[in-house]
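Note sheet for the following structure.
Where a number appears in this text, it was derived from the coordinates with a stated rule and is not lab data. From a predicted model like this one, the values you see are computed outputs, not experimental measurements. All Cβ positions, even for glycine, are placed from backbone atoms using ideal geometry, and neighbour counts span all protein chains on display.
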Amino acid sequence: MLRFDVSIEDLLRSRFALSPALDLCLLLRSLVGHGRPLPRAWAARLTPAFERLRRETELDAALALQSPHGGPDFVAPPPRGLGQTWADDLATIRATPPDAARRACAATATGPSARDPRVRAVLDAPDAVSRIAEAMDRAWHELLAPDWPHLRAICERDVVHRVGLIGEHGWATTIESLHPGIACRDGGIEIGFFPGGTVPLAGDGLLLIPSVFVGHVAAHLEDPWPRTLVYGARGTAALWDEPATVPQPDTLTALVGRARARLLTALDAPASTTHLARTLAMAPGAVGDHLAILRAAGLLVRARSGRSVLYRRTPLGEALVAGSG
């Protein structure tokens, strides 16, 4: 069992963040067969590009640093907050001192793939950091970047939901909502299915990272990362499905129109224009126009979360959806 000893100061310093680099590493692990299996449609779409990148770049060296339990910190640096971007992560990766990278490679790259002569030559090269960073950058742009706005929106919606839980029910309920195997008791957070012993947070708090590529919960316990829980974001299951068909109550459709009724009905949780467009298979421009009209009518409000603008229903919007249902 893993247990975090938690003080009042730890609760005050606990926070959420997003990590594009970590999600890229998790995606690469899935594609190589070490992580959460990808949905069949995603695997079919990404595998050809993934195999081509392995031939054309030094991606195999980056893969040699991955394992079912993680990789070195220089390929997945600790995130600073909800506004983290791939450009931020890439700059940190490229700034890794060569000595630190060599130590990380020696400690991490111990599997069969690391003994491949081509891979070994990259890992031992003086410019290993720049070559691995370039391979990861191409992997980001070709494998993950096209879907990232939608994936980021899912994670941001999750954070909005968890922050709402903190305000309504407190930290204990929020932490326990991350996974059924997590419990808050006796001044600590206990994860019964995860090994690790007792880990004091020591006043630094807990970093919470939602991810679409984690099926349950993962923990990061080693410096320079803060003590971290990576958990599956809400809405991830629907991500693998076809665009949702959201039923519209006839009375609401008659009042505001079919498209606006779909949007109002879909906003059970705050969402961005990109997320709504992807979920409902609508054009982003059309979604934006309809949201502006609904907002002007007092049915929606919007607020910024990180780099996204999230819309949610007002009490009037809630009443319309509830009454028409």
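With an 8 Å Cα cut-off and a minimum separation of 6 or more residues, compute the relative contact order for the stretch 20-149 in percent.
The value is 33 percent.
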- prompt: So what is the 222 nm mean residue ellipticity for the chain from helices alone, if each DSSP H run of at least 4 adds -39500 (n - 2.57) and you divide by all residues, rounding to the nearest 500 deg cm²/dmol?
  reply: -14500 deg cm²/dmol
field: Gaussian network model of the chain, springs between alpha carbon atoms under 10 Å - residue of 20, 270, 315 with greatest fluctuation
entry: 315
- request: Rank 236, 273, 314 by mean-square fluctuation in a GNM of the chain with C-alpha springs under 10 angstrom and give only the top-ranked residue.
  value: 314
- request: Take the chain, connect every pair of alpha-carbon atoms lying under 10 Å apart with a spring to form a Gaussian network, then pick out the residue of 186, 268, 88 with the largest mean-square fluctuation.
  value: 186
- request: Just name one of 105, 216, 267: the one whose Cα is farthest towards the positive end of the charge dipole of the chain (beta-carbon charges, Lys/Arg +1, Asp/Glu -1).
  value: 267
query: In which sequence would 184, 155, 25 go, from the one with the fewest C-beta neighbours within 10 Å to the one with the most?
result: 184, 25, 155
The chain - charge dipole about Cα centre, Lys and Arg +1 at Cβ, Asp and Glu -1, debye rounded to 20: 700
message: How charged is the neighbourhood of residue 73? Take every other residue with its Cβ under 13 Å from the Cβ of residue 73, and add Lys/Arg as +1 and Asp/Glu as -1.
response: -2
- request: In debye, nearest 20, what is the charge dipole magnitude of the stretch 20-149 about its Cα centre with +1 on Lys and Arg Cβ and -1 on Asp and Glu Cβ, if you could check?
  value: 360
- request: Could you size up the charge dipole of the stretch 242-324 around its Cα centre, putting +1 on the beta carbon of Lys and Arg and -1 on that of Asp and Glu, and report it in debye to the nearest 20?
  value: 320
field: At 1.567 mPa s and 4 °C, Stokes diffusion of the stretch 242-324 via Kirkwood alpha-carbon radius, µm² per second
entry: 103
field: Interatomic Cα distance distribution for the stretch 6-82, bins of 10 angstrom, percent
entry: 16, 40, 28, 10, 5, 0
Options 321, 34, 184, ranked by Cα towards positive dipole end of the chain, top entry (Cβ charges): 321
task: Report the label-to-label distance for residue 199 and residue 1 in nanometres (one decimal), using points 7 Å from each Cα along the Cα→Cβ vector.
output: 1.7
query: Computed over the Cα atoms, what is the radius of gyration of the chain divided by 2.2 N^0.38 Å, N being its residue count?
result: 1.09
- request: For the stretch 20-149, just say rounded, prolate or oblate: build the C-alpha gyration tensor, square-root its eigenvalues into a ≥ b ≥ c, call rounded for a/c under 1.5, and beyond that prolate if a/b exceeds b/c, oblate if not.
  value: oblate
- request: Would you please give the FRET efficiency between residue 115 and residue 223, computed as 1/(1 + (r/R0)^6) with r the Cβ-Cβ distance and R0 = 22 Å, to the nearest 0.05?
  value: 0.20
message: Relative contact order for the chain: what percent, with Cα pairs under 8 Å and sequence separation of 6 or more?
response: 23
Charge sum, other residues only, whose C-beta stays under 10 Å from residue 204's C-beta, Lys/Arg counted +1 and Asp/Glu -1: 0
- request: For the stretch 281-325, restrict the atom set to alpha-carbon positions and state the Rg and Dmax in Å.
  value: 11.6, 33
